[in-house]
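In what follows, a single structure is set out as structure tokens and then discussed.
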Amino acid sequence: MHRPHLRRRLAAGALALSTAVATLALTPSAAEAVVLPNGFKSVGYLPSWSGSVNSIQYGRLTHVNYAFVLPNGDGSLRAVENPGKLSSLVSLGHAANVKVSIAIGGWNDGDDSAFEALAANSGARGAFVNNVVAFVNQYNLDGVDIDWEYPDPGASASNYTLLMQQLGSALHSRGKLLTAAVVAEGYYVNGVPRPSSARSTG
């Protein structure tokens, strides 16, 4: 399903948080979330299809993302896999002061047509934002990690920006997080526009 890409992304550490990534493993810890220097975050991903919420070292993480929920082109969301596992993750994570988000997207066999369709349509963007906010509220999540693989440079990149601005406004006004997993090199790097101050001047 999404397994090869998840391993690749964790290995590459290609997270919008641009922080340390901790792998999920071994034994549980009742300790509070780790505090890292310079505001760094330690982020793990728990796949819906494998792994146990009881095997996570919560004391080594600041954030954990549950992977994945897939979008539809009309802005609706497909059903989450193993919803009981997600609920348990939220309970255990919050007990250890670890923030829990839902990762939306993933490799999905290279099919990003749903993201392309919903981001290009204002009505679908609005529906997506509303559905995501409802999902976050339903599961008492701390935020959302968007993993669109991948917006193309050009119109797709502009639509990505519109989608993230709208989603960010809705989530931030509710005190929720919005992060994104993005590529750091290659053709698709320009599919996620950067502020002009972040662009190389030559």
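Read-outs: derived from the displayed coordinates by stated rules, not from any lab. Because the structure is a prediction, the values reported are computed rather than measured. Reconstructed Cβ throughout: ideal geometry from the backbone, glycine too, with neighbour counts over all protein chains shown.
A few notes on this one:
- Using only Cα coordinates, the Kirkwood hydrodynamic radius of segment 54-202 works out to 16.0 Å.
- Cβ-based net charge around Val100, under 12 Å, with every Lys or Arg adding one and every Asp or Glu removing one: +1
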